[in-house]
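Everything on this sheet refers to the single structure shown next.
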Amino acid sequence: MIIGIPLESDPRETRVAATPKSVDQLAKLGYEVLVEAKAGAKAAFPDAEFEQAGARIVGSQEVWGADIVCKINEPLDSEIAAMKKGAYLIGLIGAPRNPELLEKLAKAHIKVLAMDSVPRISRAQSLDVISSMANIGGYRAVIEAANIFGSFFTGQVTAAGKVPPAKVFVSGAGVAGLAAIGTANSLGAIVRATDIRAEVAEEVKSMGAEFVAVEAESQTSEDGYAKEATEDYAAAAARMYAEQAKEMDIIITTALIPGRPAPRLLTAEMVASMKPGSVIVDMAAGTGGNVEGSRPDEVVTTANGVKIIGYTDLPCRLPTQASQLYSQNVVNLMKLLTPEKDGALVLDIDDPVQRGMLVAMDGEVMWPPPVVAVSAAPKQEEAPVAAQPMPEKKPRDKRITYAVLAFCALAFLALFTISPSGLIGHFMVLMLSIVIGFYVIGNVSHKLHTPLMSVTNAISGIILVGCLLGLVLVDQNTALFAGTNLAILMLSVCGILLASINVFGGFTVTQRMLKMFRKG
């Protein structure tokens with residue numbers, strides 16, 4: 001089958017649905033790839049690179065006549081008319097808000113797989129374009145805010161005075177929100193975040209931000225997306241936003257509800273309470289906006305000097321990276337649809353992933369798909385099982401313990417009697433080393449135990465050298481098995497054996513752990 005990659009009709013669109021790398025991957029699946037001339041020019045992918053990867057550069061009519069058409073945005077009426085009956089269309093369709101478009105596609109007998117309708121289940125994560133683009137959008141939102149904000153993000157101490165760090169507040173801890181948190185934190189800002197889902201608090205903290213909880217009953221996600229807030233929660237959240245707005249330098253809002261207008265989070269009064277020069281990035285400006293006064297694709301400056309950014313094309317502002325991620329999502333989808341790698345697309349509507357993406361087929365609208373339940377709620381703790389009484393242990397006879405200690409004391413005394421005079425001093429050093437080593441190593445964090453092996457290997461190496469010197473001294477004495485020389489020989493051999501085990505074992509474990517961090 002033939003896959004067509006058209007030039008996007010929207011003049012503001014900078015992305016392309018395929019890259020030279022993805023073309024090569026599609027060819028390995030058995031497909032022939034046609035790319036419209038200059039389709040990847042805005043994303044820094046010239047036609048020559050597509051040709052080197054195995055694609056053919058053709059005109060618009062031939063691309064739209066392919067068996068499978070992969071694009072970014074919703075198709076125009078003229079583009080739908082150019083497709084042949086029974087062809088596949090893969091792209092961002094916006095099924096919840098475009099019922100008329102779905103009817104047109106169904107009447108044209110086009111099979112449509114919407115990349116923005118991927119179910120939120122683990123098996124489908126590699127196909128999730130919304131997450132891929134949200135990741136880029138969250139990163140770019142911070143960059144746009146930093147471009148307009150009139151100060152540093154990180155705090156600095158300079159000869160001219162001290163510069164405090166910027167305070168950033170992120171509303172929503174989904175993919176976009178976490179990307180914004182990570183970017184702002186890496187730039188040195190003090191970051192706070194909130195989310196209607198209480199279960200994401202640990203994720204927020206792991207990204208280096210403080211989680212601001214709303215004093216109300218939190219919502220639990222059943223499908224991987226945030227739910228609409230209750231009245232009690234909305235009232236408590238409004239109080240929290242009003243408090244945070246007075247302190248923050250930058251606020252980034254990412255709250256979206258699939259198929260519905262974006263929830264209003266910041267009112268005009270909250271924006272008016274912010275400091276002059278503050279910046280707000282409303283990532284939901286295209287669906288109604290989280291911030292009162294934001295306008296799609298505009299930067300609005302309020303009366304008190306607060307700038308509200310309402311860009312709806314944040315992923316398009318990083319076209320090369322966005323095209324790479326989108327095209328990889330498409331490749332992962334084609335791998336799922338091409339199990340035999342023979343260039344033949346096989347659609348399985350019994351698969352919840354494929355059925356969830358299928359919005360039109362054989363003249364019928366297939367939206368909405370069956371619900372795939374996904375619960376991110378923490379598992380309920382099971383009732384504790386009553387502990388079974390442990391059988392009583394008989395107390396150990398203390399006389400045996402005292403007898404063992406007495407025997408050891410007599411053995412050491414006998415050893416000191418026949419040993420050289422310097423052995424007692426060396427033995428005391430050994431005992432003190434054991435005690436000190438026990439307390440020092442016992443207080444070392446488990447994360448540092450592997451680096452600690454290098455130190456123990458060095459110590460064992462010194463022991464090896466000492467034992468080898470002991471063997472040399474014994475060898476130089478003609479009476480090899482007489483008196484003291486026999487004891488030195490035995491101790492040296494035991495020392496060499498034990499130290500060697502420690503050295504070689506330590507290096508073996510270290511090499512195994514290093515392999516875990518090597519590619520391939």
All-but-one check, ASN185 against (1) over 25 Å from THR14 (Cβ atoms); (2) open to solvent by less than 10 Å² (accessible area, probe 1.4 Å); (3) in a helix (DSSP H, G or I), failing number (2)
Taking the condition of being surrounded by 18 or more Cβ atoms within 10 Å (Cβ to Cβ) and under 37 Å from the mean Cα position of the chain (by Cα), how many residues in the stretch 80-115 meet it? 17
Residues of the stretch 185-219 being closer than 23 Å to ALA238 by Cβ and basic (Lys, Arg), which ones? ARG192, ARG197
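Does LYS42 meet the test of being open to solvent by 50 Å² or more (accessible area, probe 1.4 Å), within 23 Å of ASP313 (Cα to Cα), of a type outside the set (A, V, I, L, M, F, W, C) and more than 30 Å from the chain's Cα centre (by Cα)?
No: the conditions fail for LYS42.
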Which pairs have Cβ atoms under 6 Å, sit 6 or more apart or on different chains, and link a residue in the stretch 485-500 that is open to solvent by 30 Å² or more (accessible area, probe 1.4 Å) to one that is at pLDDT 80 or above? ILE496/CYS467
Does the stretch 242-262 include one or more residues that are under 16 Å from ARG197 (Cα atoms), modelled with pLDDT of 95 or more and among the β-branched types (Val, Ile, Thr)? yes
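Are there any helices (runs of 4 or more DSSP H) wholly within the stretch 45-124 with 1 or more residues that are touching a His at 6+ places or on another chain (Cβ under 6 Å), and if so which?
Fully inside the stretch 45-124 and qualifying: nothing.
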Conditions first: (1) outside any helix (DSSP H, G or I); (2) of a type in the set (S, T, N, Q); (3) open to solvent by 60 Å² or more (accessible area, probe 1.4 Å). SER151 passes all but one, so which condition is the exception? (3)
Residues VAL440, VAL435, VAL404: which one is open to solvent by less than 100 Å² (accessible area, probe 1.4 Å), outside any loop (DSSP other than H, G, I, E, B), modelled with pLDDT of 75 or more and within 30 Å of MET513 (Cα to Cα)? VAL435
If you check every pair at least six apart or on different chains, which have Cβ atoms under 9 Å apart with a residue in the stretch 408-424 that is within 13 Å of ALA487 (Cβ to Cβ) and open to solvent by 60 Å² or more (accessible area, probe 1.4 Å) first and a residue that is part of a loop (DSSP other than H, G, I, E, B) and modelled with pLDDT under 70 second? ILE418/GLY483
The stretch 153-184, residues that are closer than 24 Å to ARG239 by Cα and either free of Cβ contacts under 8 Å to residues at least 24 places away in the same chain or among the β-branched types (Val, Ile, Thr) (or both): VAL168, VAL170, ILE181
Which of the numbered conditions does GLY137 fail, given that it passes all the others? Conditions: (1) under 18 Å from VAL291 (Cβ atoms); (2) assigned to a strand (DSSP E or B); (3) not polar (S, T, N, Q). (2)
Out of (1) within 25 Å of LEU318 (Cβ to Cβ); (2) open to solvent by 10 Å² or more (accessible area, probe 1.4 Å), what's the single condition that is false for ILE72? (2)
Residue selected from the stretch 340-358 under the condition in contact with a Pro (Cβ under 8 Å, 6 or more places away or on another chain) and not in a helix (DSSP H, G or I), by the criterion farthest from ILE110 (Cα to Cα): VAL346
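The values are calculated or read from the model by the stated rules, or taken from the named source; none is laboratory data. All values derive from a computational prediction rather than experimental measurement. When we count neighbours, we look across all protein chains shown, and the Cβ atoms used for this are built from the backbone with ideal geometry, even at glycine. Heavy atoms of the whole protein, side chains included, go into the accessibility calculation; ligands, DNA and RNA do not. Shrake-Rupley method; radii C 1.70, N 1.55, O 1.52, S 1.80 Å.
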